[in-house]
Amino acid sequence: MADPLSLAENLHPDAQTTYRAFLTFLRVECGLAPATIEAYARDLRVMLGDLERVGRPDPVNATPGDLAAHLGALTNERGLSGATVGRHLATMRVFFRWMNGTGRITDEPTSILDRPTRWKKLPGVMSPRQVRTLLAAPHPSEDERGPPLWIRDRAMLELLYASGLRASEVGAIGLHDVRRESGVIRVLGKGSKERLVPMGVPAREALWRYIDECRPQLEGGRGHDQGRVFLSRTGRPIERVAVWQIVKRHAKAAGLDKVHPHVLRHSFATHLLAGGADLRVVQEMLGHADITTTEIYTHVDKSRLKDVHRQHHPRG
């Protein structure tokens, strides 16, 4: 990963100093993870480039109109999704609030910009029956040699659905993060935010079986495992891309289309809310900083609302 500070050379000199100072603030005062800082830097460089093209090389001169035009260009010219545009807006707000707080500007130009909720696409969600089909897909193969990787894959799928984890979070789980006594796992999410997430009984049983029966064979005393739970055939920690490949492979075997780790995460949240779970609880388990991110799942499945109305309204 390139150092975001080293990528300021292409910016106009008037913007370089502000850009570097902001990233230093994120690293030193906010203590954000390198990947999070890189995400801020990437969005910021796009915005500063657009501002320079309209004659605003110094962001202190940016107006709400300039920033609205920038957001429009992200959608109309670059074809970015609503969720991605929303992330850009979040970056802009943090940046300009920092500028205001440090006295670089007196008015915060993003305060009147609306969050692009109308651009959001509802996430893909599996039915409970489809989830069961996927979770049952990993099974012993007649020609499989070496460690029983199907046990690892089933534990991974169970955990993705039972706890709503991101693919990167699954790969990062360490043995010390698994709490057998309480049936929860410690997860380090975006922005290095820690949360405790419960596992259901099937997920716990699948995970215990993998850790006890399969993982020792994968680790094999090589010393490459870094204490991570999920390992590759060579005994190294599984990366995010491998998690995606495992999910997609078993989804294809189960006859399911367009299934990836995030679909399991979406299904986890939607099924919880449809079953009556509190929105704030689901927000905590997903690791969302903003509850509006979690609220999208309330629009996915209207069946519970209809059932409640029919059962309890006097004219239902």
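The values are calculated or read from the model by the stated rules, or taken from the named source; none is laboratory data. This structure is a prediction, so every number in the text was calculated from the model and none was measured. Don't worry about glycine lacking a Cβ; one is built from the backbone with ideal geometry, like all the others, and counts go over all protein chains shown. Accessible surface areas use protein heavy atoms only, side chains included; no ligands, DNA or RNA. Shrake-Rupley method; radii C 1.70, N 1.55, O 1.52, S 1.80 Å.
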Restricting attention to the stretch 39-52, which residues are surrounded by fewer than 20 Cβ atoms within 10 Å (Cβ to Cβ) and among the small types (Gly, Ala, Ser)? Ala39, Gly49
Given (1) of a type outside the set (D, E, K, R); (2) crowded, with 16+ Cβ neighbours inside 10 Å; (3) at pLDDT below 90, number of the condition Ser141 does not satisfy: (2)
Test of understanding: among Leu165, Leu207, Leu160, which residue is within 23 Å of Gln245 (Cα to Cα), part of a loop (DSSP other than H, G, I, E, B) and either among the hydrophobic types (A, V, I, L, M, F, W, C) or touching a residue at least 60 places away in the same chain (Cβ under 8 Å) (or both)? Leu165
Pull up the stretch 119-138, narrow it to residues that are assigned to a loop (DSSP other than H, G, I, E, B) and at pLDDT below 90, then point me to the one that is surrounded by the fewest Cβ atoms within 10 Å (Cβ to Cβ). Lys121
Considering (1) of a type outside the set (D, E, K, R); (2) more than 18 Å from Leu89 (Cβ to Cβ); (3) open to solvent by 30 Å² or more (accessible area, probe 1.4 Å); (4) modelled with pLDDT under 90, say which one Val60 fails and leave the rest. (4)
The stretch 244-260 residues that are in contact (Cβ under 8 Å) with a residue 12 or more places away in the chain, paired with ones that are hydroxyl-bearing (Ser, Thr, Tyr) (beta carbon under 9 Å, 6 or more apart): Ala254/Thr133; Gly255/Thr133; Leu256/Thr133
Kindly list the number of the only condition in (1) part of a loop (DSSP other than H, G, I, E, B); (2) open to solvent by 30 Å² or more (accessible area, probe 1.4 Å); (3) at negative phi that fails for Pro109. (2)
When restricted to Ala253, Ala242, the only residue over 30 Å from Ala289 (Cβ atoms), open to solvent by 20 Å² or more (accessible area, probe 1.4 Å) and either modelled with pLDDT of 90 or more or hydrophobic (A, V, I, L, M, F, W, C) (or both) is Ala253
So which of Gly79, Gly55, Gly65 ends up being assigned to a helix (DSSP H, G or I) and surrounded by fewer than 19 Cβ atoms within 10 Å (Cβ to Cβ)? Gly65
Within the stretch 212-235, can you find the residues that are open to solvent by 60 Å² or more (accessible area, probe 1.4 Å), out of contact with any helix residue (DSSP H, G or I) (no Cβ under 8 Å at 6 or more places or on another chain) and either hydrophobic (A, V, I, L, M, F, W, C) or closer than 22 Å to Glu158 by Cβ (or both)? Asp212, Pro216, Gln217
Somewhere in the stretch 183-191, is a residue crowded, with 23+ Cβ neighbours inside 10 Å and assigned to a strand (DSSP E or B)? yes
Is it the case that His70 is assigned to a helix (DSSP H, G or I), in contact with a helix residue (DSSP H, G or I) (Cβ under 9 Å, 6 or more places away or on another chain), at pLDDT 85 or above and under 27 Å from Val263 (Cβ atoms)? no
Which one of the conditions (1) in a helix (DSSP H, G or I); (2) under 29 Å from the mean Cα position of the chain (by Cα) does Leu32 fail to meet, given that it meets all the rest? (1)
